[in-house]
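Worksheet: the structure to be examined is printed underneath.
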Amino acid sequence: MRTRWPVHPAPSPGEALSSWLTRIAERYGITIDDLVFDLGYVLDSHADLDMGPPDGFAEQLAERTGACVEKINAMSVNGFVPWLLDDIDPGPDAFSLYTRQLSVLLPEGKRTDRTVASWRAWVPVKVTRQQRACPRCVAESTRPHPYQLMWSLSLMLTCPVHHCRLESYEGVRGYYYGWPQNPPAPRETNAAVQLMDGRTWQALTTGGVDLPRRHIHAGIWFRLLRTLIDELSATLKESGQRLTRQVWDHAGHPFRAGQLVWYPYEELPLEVQLDTLEAAATAMRLLEDGVVTGRGREAALFLSEPDASIDPGKPPPVATANFPTSTPKSLAEAMHAVVAEAKQNPDSARQLFNFMTLYTPEDSEHIQRVRTNFEELGIPLDFLSQ
């Protein structure tokens, strides 16, 4: 009968499974392979404990350490299935099922249907996988330093504990050779990134996220974020360029982070992934502040709650329109004059839009039809968010 390991370090919040096992092995002066063998398993060269341990491994480890099985499972990506990703072993339709069911910036059906072989959400392909860590976490711990599971995924820009930017490094995980002598200075990030990463951490730790209008499930949040990333990476033909370029300009990065050819986010170089993730945070802030108007069905999730001080039984007050004062000869001429004015005047465009959607629920298909009509008539949709 195997005995429990009497002395071992406790796992830190969010720590990756291989990080914890490395620290336990260091305590006993053995390698992680020896430690795993003592549990009755042999790791081959392709094994990745942080993606998912072998069957029964968590139970054996719980017996030795006294840690609960659920906590051990949460130390690998497999423990977040089906919230973070649908399956560790994806099917041929994994990409479209994950990124095409929601829409935020672009109308539904605008993006090209794509099939990406062996695609897993958020998991970088091995040829581009780079490592990041929090300089403050490293400075406050001893070697081998614990590292968080999410540091190996391009899911967050900041450390959830210290809220500083994660920094790239080379070398073996947990050792960060060169950092003790010349550690990178912690860098703060803007409020938009802090808000987005805070919501992602809330999804990972509580299973839900608080958005301006409602509380959503963690699985919806991860797919919402990944959809937004895919929309920002859409080609000129798919995006129409104006709305997504406006987001990239506000983020301070080149359009599509300089991509010339489309690749899934997980196959992009780390620098491009991080710029795209920052653009996604910027898009959320612009949507919430009303600077841009998303044309997707789920864009309303980022809108603020309506003013509760307005009597719900009465329509909100509407300012006087700047429509032409001359009396047209017919209804057709009147409508022509109104449209002509709306093409030039943002206030008139908004008043016309409010009139055409009065008493219409925000999730109604009628609103989208009105937006389409505005586009066909040549009324800039940007006027609606000014």
(message) Which order do the peptides 143-153, 110-120 come out in when sorted by mean C-beta neighbours inside 10 angstrom, highest first?
(response) 143-153, 110-120
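Give, as a single signed number, the net charge of other residues whose beta carbon lies under 11 Å from the beta carbon of L268, with Lys and Arg counted +1 and Asp and Glu -1.
On the way: positive: R256; negative: E266, E267, E271, D275.
Every neighbour counted, the sum reads -3.
Quick check: net charge around R242, other residues with Cβ under 12 Å of its Cβ, Lys/Arg +1 and Asp/Glu -1? Working shown, then result.
Details: positive: R245, R295; negative: D249, E375, D382.
So the environment of R242 carries a net charge of -1.
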(message) Quick check: convex hull over the Cα atoms of segment 1-142, volume per residue in Å³, rounded to an integer?
(response) 155 Å³
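Please label the shape of segment 61-117 as rounded, prolate or oblate, based on the square roots a ≥ b ≥ c of the eigenvalues of the alpha-carbon gyration tensor (a/c under 1.5 means rounded; beyond that, a/b larger than b/c means prolate, else oblate). Numbers along the way, then the final one.
On the way: a/c = 6.26, a/b = 2.80, b/c = 2.23.
Prolate shape, in that a/c is at least 1.5 and a/b is the bigger ratio.
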(request) Between L303 and D34, take the C-beta separation as r, use R0 = 56 Å, and let me know the FRET efficiency to the nearest 0.05. (result) 0.50
(request) Would you pull out the residues with amide H under 5 Å of E15's amide H, same chain only if 5 or more places away, H placed 1.01 Å from N? (result) L149
(request) Work out from phi, with θ = phi - 60° and the Karplus expression 6.51 cos²θ - 1.76 cosθ + 1.60, the ³J(HN,Hα) of each residue of segment 85-98, listed in order in whole Hz, and give x for Gly and Pro. (result) 8, 6, 7, 5, 9, x, x, x, 9, 4, 5, 5, 5, 7
(request) Enumerate the aspartates and glutamates that K237 could reach by cross-link, defined here as Cα to Cα under 20 Å, with residues fewer than 8 away along the same chain left out. (result) E108, D113, D249, E375, E376, D382
(request) Measure off 7 Å from each Cα along the Cα-to-Cβ vector at Q202 and D55, then give the distance between these two points in nanometres to one decimal. (result) 3.9 nm
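In terms of the Cα gyration tensor, with a ≥ b ≥ c the square roots of its eigenvalues, is segment 134-244 rounded because a/c is under 1.5, prolate because a/b exceeds b/c, or oblate? Don't skip to the answer; put the middle values down first.
Details: a/c = 2.44, a/b = 1.68, b/c = 1.45.
Here segment 134-244 falls in the prolate category.
Ratio of alpha-carbon Rg to the 2.2 N^0.38 Å globular estimate for segment 17-80, to two decimals, please.
On the way: Rg = 10.8 Å, N = 64, 2.2 N^0.38 = 10.7 Å.
Output field value: 1.02.
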(request) First measure r as the distance between the Cβ atoms of L377 and W262, then evaluate 1/(1 + (r/R0)^6) with R0 = 25 Å and state the FRET efficiency to the nearest 0.05. (result) 0.20
(request) Report the local net charge at P144: Lys and Arg +1, Asp and Glu -1, summed over other residues whose C-beta lies under 12 Å from its C-beta. (result) +2
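May I ask you to order 290-296, 373-379 by the average number of other C-beta atoms within 10 Å around their residues, highest value first? Intermediate results must be reported in sequence, preceding the final value.
Details: 290-296: 19.7, 373-379: 14.4.
The peptides rank, most packed first, as 290-296, 373-379.
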(request) Report, by chain and number, residues whose modeled amide H sits under 5 Å from the one on T158, excluding near sequence neighbours (fewer than 5 apart, same chain). (result) L166
(request) State whether segment 169-308 is rounded, prolate or oblate according to the following rule on the C-alpha gyration tensor (a ≥ b ≥ c being the square roots of its eigenvalues): a/c under 1.5 gives rounded; otherwise a/b larger than b/c gives prolate, and the remaining case gives oblate. (result) oblate
(request) Convert each backbone phi in segment 182-192 into a coupling constant with the Karplus relation 6.51 cos²θ - 1.76 cosθ + 1.60 (shift: θ = phi - 60°), then list the ³J(HN,Hα) values in order as whole Hz, x for Gly and Pro. (result) 9, x, x, 6, x, 10, 7, 10, 6, 5, 5
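Readers should treat all values here as calculations from the given coordinates under stated rules, not as data from a laboratory. Keep in mind it's a predicted model, so treat the numbers as computed, not measured. A quick note on method: Cβ atoms are made from the backbone with ideal geometry, for glycine too, and the neighbour counts reach across all protein chains shown.
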